[in-house]
Every structure is written in C-alpha cells, then in structure tokens.
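Below you'll find the structure, written out as structure tokens, and then a few comments.
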Amino acid sequence: MALQSDSADFLELFRKSSKELFSEKFYEAMNSDSFNSSKFYHRCNEISVSNHKDKVITICKKFLRFLEKSTAWNIENSRYDVSILLNYWIYDKLTDIYGDKNDKEISFGFAALQYAWEYHNYNPKNQLYHQKYKPDLNMVNHDDWKKRKELYDYCINYDLIVPLCRSYDQTCMEYYEYIEKKGPLYEEYEKICIPGESKCPHFYEKCRDYNPKSFLSELPCHSKIVANKSAAAKAGTQHHPSGPEQGFGPQTFSMVSTSETSEIGTKVGHSVLGVAPVLLTATALYRYTPVGSWIRKLGGYNSNGVSDMDEFSSYTQESKMCIKIIKMFRLII
C-alpha cells in the first residue's frame, strides 16, 4: 500500500515512511499518491507516448515531485547513489504498464520522462544535481534487472543493518533471513564479474565486500537460528509418517520448520528513519540499545513488559505448533 500523507513534499514523505530500510523508504515515498496534481499537470501532459499516456503521466508527476528536492541528496558525500534507485523505480513502473519484454514502449516512456526532465524549471546553481537525475534507460535495461535491483537495494541497506546485527541480538534476529537470502545473488554474480566480462553490474565492486558468506556465521544470532532450524527439522523428521495420512503431509511440517525464518521477514519496517546516515543510526540506537530504554524511562514509559512478552511469544510459537501436531498424531496412532 502506498504511503498516505497530507504533505506533497518528497522528503517529508520519505521521513514519514513506515519502512526501515533505506531502499524501501525511498520506493514507498516515490509511490505515494500525495502530490499537487495541478503543479505538474501542464509539463507532464505534454509528454508523448504510444499507449497508456494517463499512467505515464502519473509516473511523470511523481518523478517531478522528486526532482524538486533532488538537491537534498548530497551526491558527493552520500554513500548511496540515489539515481540508481530512481531509475530502477521508473523502469519497474514502466514494465508494470507495458511488460518487461516491450523494449520499444519502455524506451518511449523513458524518452517522455527525459522530456519532462529537460524542461523542468530548476535553479541554475543546482545544475549538477539536476543532471544526476536524468532518466537513463541504459543504467537499468538488462535481462536480469530485477536481480540487479535486489542486489543494489541490499548494498545500500547494508550500512545500517549489518553493523547493528553484529552488536544487538534483536536486530540480528530480525534481519538474518533478509541477509541470508542475498547469498545466491552473490554466487551468481561472482561467476559473471570476472576480468574481461561486460555483464557485471557497474556498481558490483562497491558491493563485493558485502557478501553474506563472509560474515553470516559471525553474527551473534547465527548459532541460535541454526539450532532452532535444526530442532524444528528434527521434530518434523521424528513425527513424519511414511506417507500422507488423514490430511497430514510434508506441507504441515514445512510450516513448522519455516515459521521462525518467515517471522523474521515480517517484522521489518515499523520505525521511522531519516535521510542522513547519522539520523538512521540514531533512530536505530533508540530502538535497539539500552540507551533507548533509558530515554523511554525518563519519559515515563517502560516497554520492558511488552517487549518481554513479545520476545517470549516469538520463541514459543513454533514449540506450541509442534506440540499440537504431535498430540494430533498420537490420537491417530
């Protein structure tokens, strides 16, 4: 669901995003339908595309809304190349309209947005920033664009989540699965990104050191997650019948063995983090560290009871499910 806000300001939408990860906050803000339609109507209505002009106009308005605040993304000092996120967002929206195999229509769509970019009013002193965010089809037009997008999203999210995962067990439990799932991406691009090959993403070198296999086993929650998975798998093996019986089959026990890892993914995205890395880190410290607990106590609020209850619930859900299934099998036997 797109972010809803009374503000049409892109940066304000970004700050108010319900997501935690930088890339997800950016995409949610871009997708928001909150903007002054009349402000960009004239410029976007002049674009020319073969089909679905109304839908491309909507993309155009959201693109120009972003351009208004492009100077806020300090290009020289930022660790994130927001232009890559922007072009992936545009490409994703155009493929939703035309399909990812319709290169001709997608190319027309990018050309239309380049027209809107070319004639967008901006302060001449901001020319460097304006030039940075010109729609660039060549940046994202690859057969494996979805995998490249996933890899880059992970790379810019790494700076926030991995250092915190190394220090705080709660954060580690929340993001372990997200990090683990990037392993196959690195395995694939390690084979492609060798000297003499041109199929490697242009940003890969900046992401090379973030390969999960180089640090996943060192995270503080690694042994706990491995032990929990092993215990769940063992329980499923011990009580698994030779064949499907009275509606119970492999799918039943798959729910048990995967309940923990799926829960990790669903927890992502409840606090608000700002644009700058400093603000991102400060907010994360408030949430995950004793400093945050101390601040909440000063404010007259203590969430220990609630958090303890939530933590206990998260670690007992799987065992309760296992016990329930075992009891049902005992009745059958």
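On inspection, Tyr178 does not qualify as within 30 Å of Asp103 (Cβ to Cβ), modelled with pLDDT of 95 or more, part of a helix (DSSP H, G or I) and not assigned by TED's automatic domain parsing to the domain that holds Ser83.
Restricting to the stretch 127-175, and then to whatever is more than 17 Å from Leu86 (Cβ to Cβ) and in a loop (DSSP other than H, G, I, E, B), can you tell me which residue is modelled with the lowest pLDDT? I'd like the intermediate steps shown before the answer.
Taking the stretch 127-175 first, the residues more than 17 Å from Leu86 (Cβ to Cβ) are 127, 143-144, 147, 154, 158-175.
Then keep just the ones that are in a loop (DSSP other than H, G, I, E, B); that gives 143-144, 168.
On the way: Asp143: 93, Asp144: 95, Tyr168: 89.
Per the criteria, the residue is Tyr168.
Name the residue, out of Lys234, Lys213, that is in a helix (DSSP H, G or I) and more than 22 Å from the chain's Cα centre (by Cα).
On the way: Lys213 fails: more than 22 Å from the chain's Cα centre (by Cα).
Step by step, each of Lys234, Lys213 is checked, and only Lys234 is in a helix (DSSP H, G or I) and more than 22 Å from the chain's Cα centre (by Cα).
Only one entry of Glu205, Glu188 meets the criterion of being part of a helix (DSSP H, G or I), touching a helix residue (DSSP H, G or I) at 6+ places or on another chain (Cβ under 9 Å) and not assigned by TED's automatic domain parsing to the domain that holds Ser83, and that entry is Glu188.
Can you tell me which residues in the stretch 79-99 are over 17 Å from the mean Cα position of the chain (by Cα) and farther than 16 Å from Ile57 by Cα? Correct list: Gly99 only.
The rows are residues; the columns are (1) at pLDDT 85 or above; (2) assigned by TED's automatic domain parsing to the domain that holds Glu118.
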site	(1), (2)
Leu3	no, no
Lys19	yes, yes
Ser23	yes, yes
Met30	yes, yes
Ser37	no, yes
Phe40	yes, yes
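Residues of the stretch 170-189 that are among the charged types (D, E, K, R) and surrounded by 14 or more Cβ atoms within 10 Å (Cβ to Cβ): Glu174, Glu177, Glu180, Lys181, Lys182. Kindly establish whether Tyr129 is more than 15 Å from Lys62 (Cα to Cα), surrounded by fewer than 13 Cβ atoms within 10 Å (Cβ to Cβ) and either in the same structural domain as Ile57 (by TED's automatic domain parsing) or touching a Leu at 6+ places or on another chain (Cβ under 6 Å) (or both). No; evaluated as a whole, the condition is false for this residue.
The values are calculated or read from the model by the stated rules, or taken from the named source; none is laboratory data. Everything numeric here is computed off the predicted structure, so don't read it as measured data. Methodologically, a virtual Cβ is constructed for each residue, glycine included, from the backbone with ideal geometry; neighbour enumeration extends over all protein chains shown.
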